[in-house]
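The values are calculated or read from the model by the stated rules, or taken from the named source; none is laboratory data. Everything numeric in this text was worked out from a predicted model, so none of it was measured. Backbone-built Cβ (ideal geometry, glycine too); neighbour counts: all protein chains shown. Keep in mind that these areas ignore ligands, DNA and RNA; they rest on the heavy atoms of the full protein, side chains included. Shrake-Rupley method; radii C 1.70, N 1.55, O 1.52, S 1.80 Å.
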Amino acid sequence: MDDLTMVQGDTSFNETIDRIDQIRKKSEFEIVLADTLERYRLKSLAFMGFNIGALNKSEPDILVTYSQEWIDHYRSRDYLEVDPVVHQGLKSILPVDWLNFDRRDAKVRALFSESREAGLGNQGLSIPVRGRHGDMSLFSLTCEANEQEWSALKRNYIRDFQTLAVFFHQSVLRTYTNS
């Protein structure tokens, strides 16, 4: 990687942190997620927050770039019950690479197959965040890449999104507390 690429990456990262840090209203999250999606050339971004404000674990707060069709499909198929992204992501303290999920279960295979058909990408990474008051979140990203490309991209995504996920989580807490 040359110095110019490194500086551009750092500029994008810093600008993204600034954008997240400036969020003051719930309506601004969608704009920042879409901007981050474009900056990092991703297929999708998703924030799933638990125990934030008046929300409890059975009612996660979801902020996503997914289509409404995919959200409705996911809910209608009750995929929250089988989704390893949620179940394993919430147990981890490190980023979770979706390549490592056990896909022997037919419902899990269907979830990933259908999500790819819906345009969510074939590679994914989830970053768990834990707050001081029992609040937690998963910040997930997806992209379209072969395994070799993914291996290289994943390192940069982990580097940037571990920090971005924490800033996003804090912004959600601040916004929901002030609402």
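Annotations
- Of everything in segment 160-179 that is open to solvent by 80 Å² or more (accessible area, probe 1.4 Å) and not small (Gly, Ala, Ser), the residue that is nearest to Ile20 (Cα to Cα) is Gln170.
- Test: residue in segment 126-133 that is modelled with pLDDT under 95, open to solvent by less than 80 Å² (accessible area, probe 1.4 Å) and under 16 Å from Thr163 (Cα atoms): yes
- Some residue of segment 67-78 being touching a Cys at 6+ places or on another chain (Cβ under 7 Å), at pLDDT 95 or above and of a type outside the set (Val, Ile, Thr): no
- Test: residue in segment 56-78 that is more than 14 Å from the chain's Cα centre (by Cα), within 19 Å of Tyr157 (Cα to Cα) and either polar (S, T, N, Q) or open to solvent by 10 Å² or more (accessible area, probe 1.4 Å) (or both): no
- Members of segment 18-29 found to be part of a helix (DSSP H, G or I) and within 18 Å of Thr177 (Cα to Cα), listed by number: Ile20, Asp21, Glu28, Phe29
- For segment 91-117, filtered to residues that are closer than 19 Å to Arg41 by Cα and among the acidic types (Asp, Glu), the residue that is most open to solvent (accessible area, probe 1.4 Å) is Glu117.
- If the condition is being basic (Lys, Arg) and under 13 Å from Arg41 (Cα atoms), then segment 149-169 contributes only Lys154.
Residues checked against (1) at positive phi; (2) over 15 Å from the mean Cα position of the chain (by Cα); (3) free of Cβ contacts under 8 Å to residues at least 40 places away in the same chain:
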| residue | (1), (2), (3) |
| --- | --- |
| Gly89 | no, no, no |
| Pro95 | no, no, no |
| Glu114 | no, yes, no |
| Asn122 | no, no, yes |
| Ile127 | no, no, yes |
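- Segment 41-55 - residue that is part of a loop (DSSP other than H, G, I, E, B) and at pLDDT 95 or above and, of those, least open to solvent (accessible area, probe 1.4 Å): Leu42
- When Leu138, Leu120 are checked against the criterion of being buried (at least 18 other Cβ atoms within 10 Å of the Cβ) and assigned to a loop (DSSP other than H, G, I, E, B), a single residue qualifies: Leu120.
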